[in-house]
Amino acid sequence: MIEVSIFLARFLGGFFVIFGLLFIITRQLGKTIEMTEDKSFVISTGYITLLMGLATVILHNVWVADWRIVITLLGWFTLIKGIMKIGFPEHIHKQAQRFKNKQALSTVVLMLLGAWLIWMSFY
């Protein structure tokens with residue numbers, strides 16, 4: 001199981017750091033939040049989100065008291081978010097509007113989480 005944990009920590013960590021940097025450099029996060037007005041966009045990204053969450057939960061449903069629990073929780077949160085995006089896209093739009101004022105902080109937290117996951121995968 002540790003090999004899967006290391007792979008997912010590096011994969012998700014790299015994804016979060018790259019995504020965070022792209023959001024900062026291109027200032028696309030605000031545009032992405034605006035796109036949640038389009039239900040078809042939310043639903044189509046929901047399928048990708050659901051698949052990523054389901055794959056993570058299937059591969060890494062590890063409930064232990066160490067750093068690997070973060071990957072398990074991320075998998076479950078991603079799966080639930082995918083279900084919400086497909087089934088309740090209007091709720092996702094409302095949630096995105098509340099998130100709008102916290103974009104910079106959330107981006108920094110995302111990047112720090114990604115860096116931490118990468119660090120843990122090599123430690």
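The values are calculated or read from the model by the stated rules, or taken from the named source; none is laboratory data. Worth saying up front: this structure is predicted, and the values here are computed from it rather than measured. Positions of Cβ are backbone-derived with ideal geometry, glycine not excepted, and every protein chain shown enters the neighbour counts.
Structure data summary
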read-out	value
Residue within the stretch 1-8 that is under 18 Å from W119 (Cβ atoms), aromatic (F, W, Y) and in a helix (DSSP H, G or I) present	yes
Sole exception among (1) surrounded by 13 or more Cβ atoms within 10 Å (Cβ to Cβ); (2) out of contact with any helix residue (DSSP H, G or I) (no Cβ under 7 Å at 6 or more places or on another chain) for A96, by number	(2)
Given (1) part of a helix (DSSP H, G or I); (2) touching a helix residue (DSSP H, G or I) at 6+ places or on another chain (Cβ under 7 Å); (3) surrounded by fewer than 16 Cβ atoms within 10 Å (Cβ to Cβ); (4) in contact (Cβ under 8 Å) with a residue 12 or more places away in the chain, number of the condition N61 does not satisfy	(1)
The stretch 5-58, residues that are of a type in the set (V, I, T), at pLDDT 95 or above and either out of contact with any helix residue (DSSP H, G or I) (no Cβ under 9 Å at 6 or more places or on another chain) or within 20 Å of G82 (Cβ to Cβ) (or both)	V42, I43, T45, I48, T49, T56, V57, I58
Pairs with Cβ under 8 Å, 6+ apart, first in the stretch 93-105 and on the phi < 0 side of the Ramachandran plot, second surrounded by fewer than 13 Cβ atoms within 10 Å (Cβ to Cβ) and in a helix (DSSP H, G or I)	K100/G30; Q103/G30
